[in-house]
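In what follows, a single structure is set out as structure tokens and then discussed.
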Amino acid sequence: MNVNGNPTRTIWPTADFAVEIIDQTRLPHEFVTLRLENMRDAERAIRDMQVRGAPLIGVTAAYGVALSMRHHASDAALQATCDMLVKARPTAVNLRWAVERMRALLSPLPAAARAEAAWQEAARIAEQDVEINRAIGQHGLEIIRDIHRQKLARGNSGMVNLLTHCNAGWLATVDWGTALAPVYAAFEAGIPLHVWVDETRPRNQGASLTAWELAQHGVPHTVIVDNAGGHLMQHGLVDLAIVGTDRVTAQGDVCNKIGTYLKALAAKDNGVPFYVAMPVSTLDMDLQDGVQEIPIEERGQDEVTHISGLCDDGQVRRVMVTPQGSRAANYGFDVTPARLVSGLITERGRVAAEAGAIQSALSSKDK
Ligand code: MRU
């Protein structure tokens, strides 16, 4: 997608076998790129959320394995690298998926062949991510187009108002995004649309990242506080919600950024379609009941007690918003039960959030 009018990805390899990323902790006020030279750089970038979003975390980890193999390609180094990267963040299953794909490819190879094979495989995973998201965009476009046509048929302007939570745009992937891929596809198809952007406390991925990338691409949007969605839905101001996800269980329970569940409840109560956009690699077929079984990342209290932003003097500063000494809890994700999900938008098409449909979507092609 575009940054200052230039097509840009979130991660790219350099000619001298390093990897560059956009440091997402500096957005929206500063556009800074970072160079990752070894596995520890990649692990830190994931843990400190310089890269974030389930698919991008997976791609960064794959490159982390590749960077490691350039320095040490023994069996022990391969196992230690994979074991360390997989723990960098617990909730997004794409991280485990990408690391295990690298481990499975590299383990049988002689050490001397691992560096080159790892580099090529990481690049392949990155390219596949782009193609998968493009396909998700096309499948989601059909939903937006249907709503647009229905509104026109009712004598309405045809403007589609969509709500999204957190950032599941191109910044969360290599390109296009998952939840925002249909938005970009519809925008390019000339369908009039507007996006309600949940700010997404505590780290404000909506306010800082989704708003930034939509603005860079010229997509009309409005940032709202996280608690506004229900009110907007009650007043007919939301035609559909699309969110991303970090893990979907075999029965269709959806884990995503904290607050997603409340949006899904409000959507159900108001008859607003609630879709989840995801690559098939986000399925975790080992789990059934997402509420009981998905590990939920708990992060530092300071992300709740403090907030940072651009001050009037042009400096980015961090300030405290709670009283000194108040404890804070920081659950990163929640689980939306399948019964609240209108459908999953995958690269293989629309899939019902239900065990049988998920199983047949999974077997429809080799993963
Ligand atoms: O904590 P983050 O910023 O990594 O959380 C991101 C989300 O919750 C996204 O919605 C999810 O990873 C899907 S990204 C396409």
What does the charge count around Thr322 come to, taking other residues whose C-beta lies under 15 Å from its C-beta (Lys +1, Arg +1, Asp -1, Glu -1)? +1
Arrange the peptides 108-117, 310-319, 87-96 so that the one whose residues have, on average, the most other Cβ atoms within 10 Å appears first. 87-96, 108-117, 310-319
Cβ-defined net charge surrounding Asp269, 15 Å radius [Lys, Arg +1; Asp, Glu -1]: +3
Would you please put 288-300, 268-280, 123-135, 347-359 in order of how densely packed they are, using the mean number of other Cβ atoms within 10 angstrom per residue and starting with the highest? 268-280, 123-135, 347-359, 288-300
Ranked by GNM mean-square fluctuation in the chain (Cα springs under 10 Å), the top entry among Pro13, Pro182, Pro55 is Pro13
Neighbour counts of other C-beta atoms within 10 Å: give me Leu344, Leu27, Leu67 arranged from fewest to most. Leu27, Leu67, Leu344
Under a point-charge model restricted to the Cβ atoms of Lys and Arg (+1) and Asp and Glu (-1), what is the dipole moment magnitude of region 135-362 relative to its Cα centre, in debye to the nearest 20? 540
Can you show me the helix-derived [θ] at 222 nm for the chain, built from DSSP H runs with n ≥ 4 at -39,500 (n - 2.57) apiece and divided by the number of residues, rounded to the nearest 500. -12000 deg cm²/dmol
Let me know the shape class of region 223-367, please: from the alpha-carbon gyration tensor, a ≥ b ≥ c as square roots of the eigenvalues, rounded when a/c is under 1.5, otherwise prolate if a/b is greater than b/c, or oblate. prolate
Fewest Cβ neighbours within 10 Å first, please rank Trp12, Trp97 accordingly. Trp12, Trp97
How would you classify region 179-261 from its alpha-carbon gyration tensor, with a ≥ b ≥ c the square roots of the eigenvalues: rounded for a/c under 1.5, else prolate if a/b is greater than b/c, otherwise oblate? rounded
When the chain is modelled as a GNM with alpha-carbon springs shorter than 10 Å, which of Ser208, Ser281, Ser157 fluctuates the most? Ser157
Among the aspartates and glutamates, which have Cα under 13 Å from the Cα of Lys151 when same-chain residues fewer than 8 positions away are ignored? Asp239
What is the distance in Å between the Cα centres of region 288-333 and region 343-358? 32
Mind checking the angle between helix 93-106 and the chain's longest principal axis? C-alpha axes, 0 to 90 degrees, to the nearest 10. 30
At His235 and Thr322, where each label point lies 7 Å from the Cα along Cα→Cβ, what is the point-to-point distance in nanometres? 3.1
One finds the C-alpha centres of region 220-245 and region 105-179 to be spaced, in Å, by 21
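FYI, it's all coordinate maths here, none of it is from the lab. This structure is a prediction, so every number in the text was calculated from the model and none was measured. Neighbour counts run over all protein chains shown; Cβ positions are idealised from the backbone, glycine included.
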